Structures are given as C-alpha cells and as structure tokens.
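All of the numbers you see were taken from the coordinates with simple rules; none came from a lab. All values reported here derive from a predicted model rather than from experimental measurement. Positions of Cβ are generated from backbone atoms using ideal geometry, with glycine treated the same way; all protein chains shown enter the neighbour counts.
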Amino acid sequence: MKLLIATHNQHKVTEIRQIFQSPGLELISAADVPGLPQDIDEDADTFEGNALKKARTLCQTSGLWTLADDSGLEVAALNNAPGVHSARYAGPECVSAENNRKLLRELDGVSDRSARFRCAIALCAPDGREWTVDGSCAGRVIDAPRGAEGFGYDPLFVPDGYDKTFAELGPDTKNRISHRANALKRAEDEWLKLLGLDK
C-alpha cells in the first residue's frame, strides 16, 4: 500500500524511510503527488496539533493514508523554546544556520544547557480516523556546531550517553536513538497492524 509522508523535506523523508519499513509498504513524499499544497501554516501550539494539521490536509487532498511529523528542540533554560517554532526560530524565511546562531546567542553565558528533541507523528485515514504517537531524546546544547551529518539543530545537540552531536554520530546511530526514531518505533508497533502490514 502507498503511505504519503506529508513533507517536502527530503531529509525527513530519508529518515522516515530508513526507520518505518514493512514488506508491501511504499512510502511516498508530498513531492511525488502533483497538486498537493506546498506550505501548510503550522500554527498549532503543540507538536501533535501541527502534525495532525499537516496529515489531515494532505490526506483530504490526496485521498491517501497520510503520515506527518512535527518536531523541534526544547531547551530547559529558555522555557522550552524554540519548541514548535524550531524551524522558524530566527524568522519566517530563515535557514538552519541562522536558527543555530540565534540559539547560541540566547544561551550565551547560560550554564544549564539541558535540552530535548521532541517529535509527534500523526496518521490520518481517508475515512477521517486519526492517531498520534510521540517520542523524545534528551541531551544538551553545546557551544559551537560540530559535524556535517543531519540537519537543523543536529550540529549543536549531544544526546545523553554520547559525546558526539547528532551531526557527528551519523544516520545509523541517530536513527536508533533520536526523537523521530522513538516515535516511529511506537508508530510501527501501533500502526502496521492497523494498515494490514507486518513488521
């Protein structure tokens, strides 16, 4: 069966395809389906709300079972900012490097660097049914970016139990321990049977 991933972000598509797998499951991205909305206003105040909005919108437009995620970084010393604004932390048209620079400015002189990545994943069926799962990964924000793998805040985030950033650990390790991996493992456990598929 075809399952639509409600994103044009190829980094996310690659991660999801590497983790969420089953015989008979074909994961396609929003870029593979002509006529889908390019940008969906992620204006909910929770990761779950944004994931549901994206999945619901593309499911209704495409008529396909649709999976969407919303994720971000929560920094304890910043009252869990950037949170749901992680992708647009430095402004609506910003890029990851600008977000990272802003985060480092906000944490200048701050000793508590504890943080966690959070991910919510939504699944919407063409008949209107909806489900969500979530996952997280605790760690800390370092003083300067390190590593060339990954995307977003990965060069600044060192997960608990490791001394390398997500951008240094590489996809095999990241896809085993990340917030998205943890959420997708729950999704596999709860949703593959729902989709009539095997692990």
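In the chain, Cα pairs under 8 Å separated by at least six residues give a relative contact order of 20 percent.
A convex hull fitted around the alpha carbon atoms of the chain yields 111 Å³ per residue. Taking the fewest neighbouring Cβ atoms within 10 Å as the starting point, the ordered list for Tyr153, Tyr162 is Tyr162, Tyr153. Between Phe151, Ala77, Ala181, the Cα set farthest toward the positive side of the dipole of the chain (charges on each charged residue's Cβ, about the Cα centre) is that of Ala181.
About the centre of its Cα atoms, segment 2-191 shows a dipole size close to 220 debye [charges on the beta carbon of Lys, Arg (+1) and Asp, Glu (-1) only; nearest 20 debye]. Calculated from the alpha-carbon coordinates, segment 45-153 shows an Rg and a Dmax of 15.8, 52 Å respectively. Please report how far the C-alpha centroid of segment 58-84 lies from that of segment 10-39, rounded to the nearest whole angstrom. Segment 58-84 and segment 10-39 have Cα centres spaced 16 Å from each other.
For segment 58-75, putting each phi into the Karplus relation 6.51 cos²θ - 1.76 cosθ + 1.60 with θ = phi - 60° gives couplings of 6, 5, 5, 6, 8, x, 9, 4, 9, 10, 9, 10, 9, 8, x, 9, 10, 10 Hz, in residue order, rounded to whole numbers and with x for Gly and Pro. Among the listed pairs Lys54/Lys164; Lys164/Lys193; Lys102/Lys174; Lys164/Lys185, those whose Cα-Cα separation exceeds 28 Å are Lys54/Lys164; Lys164/Lys193. Each label point was placed 7 Å from the Cα along the Cα-to-Cβ direction; for Gln18 and Asp43 their separation is 3.5 nm. With helices as the sole contributors, the chain gives -9000 deg cm²/dmol at 222 nm; each DSSP H run of n ≥ 4 counts as -39500 (n - 2.57), and the sum is divided by every residue.
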